[in-house]
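Here's the structure we're looking at; comments come further down.
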Amino acid sequence: MKKKSVLWLVLGTVISLIVYWIYRQHFLHISFVDEEDYFLIGKYLINGTKLYSKYFSHHQPGAYVISGIIQKISEPNTIYLLVKRHRQFMALWAMGWCLFLVYKYKFRGLLAVLAIEIISVTYFKNMFLPESLVIYPLVFGVSQIFDDNFDNFWWAVCVSFVSSLLAPLWPIVLALFLIKLWIKRKNKREVLKIILGGLIPWLILLPILNVKNYINDAILVNLRYYVPQVDNGSWWSSATRLISLIFAKSVDIQVVTIKAFLVILWIGVISQYKPNKTKVILMLLLIILTDTRRQEITKTGFDGFHGLPWIAMIIWTSIKILPKKLAFLPFLLILYMTFGFRNNNFIKRDLDTDYYVHYSQQLDIAEPIKIMKNEDSKAFVVPDKPLIYWHSDTTPPNRFVFFYKWMNNIDFMKQEVAESLNNENFDFWVYPDKNADLPGFENYLVDNYTRLKRKGEYVNLYVKQGIIDGLSEEQRAKLSFYNYEY
């Protein structure tokens, strides 16, 4: 191995270790329902339930499978370990890609992964989310359109993997395959490798999902009901905001960073346009195709994480297209980012405190259900606390492990919830006082369920009348230990 290659391997390793340290500070920081949905369905999957068969989801299947594998291997028996193992996986995932990209793309790869990782925790990249998982496979897949120095079969597997995780990226995935097939159109062997590689992730998924329900839940329901509510504009707005966002008034650190990378992007576009017109136009089009959610750049965390792939594409492309003599620009920006994001990345956190703050409430509801339930008990958690199902080892009486306001506007979903009231094993409800997602059940709960108290105050847990009377002394003692009254 050449000395230069060894040097970049060492640098990649150093960056990977720094990334792990940053992620470690956030192993138990922030509880997020999207992440926990993957944990729960992943558990149901390894217990033998096909995806989209018994439970509704409008998400793509890839993350459920990965979560199932993580749980199968690590066997977490507490919420603490469940969350920690998935966050550790995300750290290792980022480390592996950082090492690979720095080794393959040298200085540009080093700058890109540094910039992406410094800003990314602000957008939940440390969490087990498809938006986080797709970033590096996506930017690598885009890079190989122009570099073309990687095996096409594995390139196709990588890009198709992105499609199994995040439907909003289907436009760019389709574009990448069409471009690659056009480039290789005269080489039948390479065309075949691309096609076969593209099929592999979906051939793996096919036996473990209900195809009919998948098409309905993850495609048709999305297109008909969900997408119209979250669509923030047109493709034209995706194109024009590559310029307009430069003039955004916000001075928040993440906004300034994205604006700066957009400026660097346009410096690269202007300098490279004449000698590489086709390449430049194609790069811009691919960035636009990534911007399907059109997130406001002023939003981060819960409101902004959908924009993470688009932000990563801007950073990667701006560094890749920039002439060598101007490489100091992103380097200086990264120095600024390191200082500006120091409170997000470099402050040591206490994992036990984070766990208590972010996860104890779900545990406090799940534990009494676990104590009182029998083999057939069903629980219904509204609108969204999947870890209650996970810890209590229960399932809903219908197909919905979460239920939001937009779902309440869909007739067949409302009907299924109404029909599930007749389920004789419908033993537990978790129902907020002011429920805007599924209103109208307050009187039903008062008439048919007992609301529990904890430390003298009512909690949002309702138990079917008669169950408490049938509890054993041991069960009553356990409830008392957790300060529950009835």
| query | Hey, any hits in segment 442-453 for a residue that's among the aromatic types (Phe, Trp, Tyr), under 27 Å from LYS43 (Cβ atoms) and in contact (Cβ under 8 Å) with a residue 24 or more places away in the chain? | reply | no
Would you be able to say whether some residue in segment 344-365 is among the basic types (Lys, Arg) and not in a helix (DSSP H, G or I)?
-> yes
Does segment 41-48 contain any residue that is modelled with pLDDT of 95 or more, among the polar types (S, T, N, Q) and over 25 Å from ASP303 (Cα atoms)? yes
Please tell me if ALA91 is among the small types (Gly, Ala, Ser), assigned to a helix (DSSP H, G or I), under 30 Å from VAL211 (Cβ atoms) and touching a residue at least 60 places away in the same chain (Cβ under 8 Å).
no
For segment 1-26 the number of residues that are modelled with pLDDT of 90 or more and part of a loop (DSSP other than H, G, I, E, B) is 0
| message | Just to be sure before I move on: is ASN149 part of a loop (DSSP other than H, G, I, E, B) and closer than 25 Å to VAL65 by Cα in the structure I sent? | response | no
Across segment 280-292, the tally of residues that are touching a helix residue (DSSP H, G or I) at 6+ places or on another chain (Cβ under 6 Å) and either among the charged types (D, E, K, R) or part of a helix (DSSP H, G or I) (or both) stands at 8
Does SER132 satisfy being without any contact (Cβ under 8 Å) to a residue 60 or more places away in the chain, under 22 Å from the mean Cα position of the chain (by Cα), at negative phi and part of a helix (DSSP H, G or I)?
no
Per the filter on segment 52-88, residues crowded, with 17+ Cβ neighbours inside 10 Å and without any contact (Cβ under 8 Å) to a residue 60 or more places away in the chain are TYR64, GLY68, ILE70, GLN71, PRO76, ARG85, HIS86
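Go through segment 384-403 and count every residue that is β-branched (Val, Ile, Thr) and over 18 Å from PRO368 (Cα atoms). Can you show your working first?
Kept after step one, since they are β-branched (Val, Ile, Thr), are these residues of segment 384-403: 388, 394-395, 401.
Cutting the leftovers down to over 18 Å from PRO368 (Cα atoms) gives us 401.
Qualifying residue count, segment 384-403: 1.
Looking at segment 396-410 only, could you name the residues that are part of a helix (DSSP H, G or I) and either crowded, with 18+ Cβ neighbours inside 10 Å or touching a helix residue (DSSP H, G or I) at 6+ places or on another chain (Cβ under 8 Å) (or both)?
Applying the first criterion (part of a helix (DSSP H, G or I)) to segment 396-410 yields 405-408.
The answer is TRP406, MET407, ASN408.
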For segment 469-486 the number of residues that are under 39 Å from the mean Cα position of the chain (by Cα) and of a type outside the set (Lys, Arg) is 9
Filtering segment 357-374 down to residues that are within 14 Å of VAL459 (Cα to Cα) and either without any contact (Cβ under 8 Å) to a residue 24 or more places away in the chain or of a type in the set (S, T, N, Q) (or both) yields SER360, GLN361, GLN362
The residue that is surrounded by the most Cβ atoms within 10 Å (Cβ to Cβ), considering only those in segment 31-51 that are in a loop (DSSP other than H, G, I, E, B) and in contact (Cβ under 8 Å) with a residue 24 or more places away in the chain, is SER31
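Among the residues of segment 293-304 satisfying the criterion of being part of a helix (DSSP H, G or I) and more than 26 Å from VAL159 (Cβ to Cβ), which is modelled with the highest pLDDT?
Of all residues in segment 293-304, those part of a helix (DSSP H, G or I) come to 301-304.
Then keep just the ones that are more than 26 Å from VAL159 (Cβ to Cβ); that gives 301-303.
Numbers: GLY301: 73, PHE302: 74, ASP303: 77.
Within segment 293-304, the match that is modelled with the highest pLDDT is ASP303.
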Among LEU206, LEU199, LEU178, the single one that is under 22 Å from the mean Cα position of the chain (by Cα), surrounded by fewer than 18 Cβ atoms within 10 Å (Cβ to Cβ), modelled with pLDDT of 95 or more and among the aliphatic types (A, V, I, L, M) is LEU206
Within segment 120-158, restricting to residues that are out of contact with any His (no Cβ under 9 Å at 6 or more places or on another chain) and of a type in the set (Val, Ile, Thr), the one that is surrounded by the fewest Cβ atoms within 10 Å (Cβ to Cβ) is ILE145
ALA248 passes all but one of the listed conditions (1) surrounded by 15 or more Cβ atoms within 10 Å (Cβ to Cβ); (2) modelled with pLDDT of 95 or more; the exception is number (2)
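The values are calculated or read from the model by the stated rules, or taken from the named source; none is laboratory data. Predicted, not measured: the structure shown is a model, and the values here were computed from it. Neighbour counts are summed over all protein chains in view; Cβ atoms, including those assigned to glycine, are modelled from backbone coordinates with ideal geometry.
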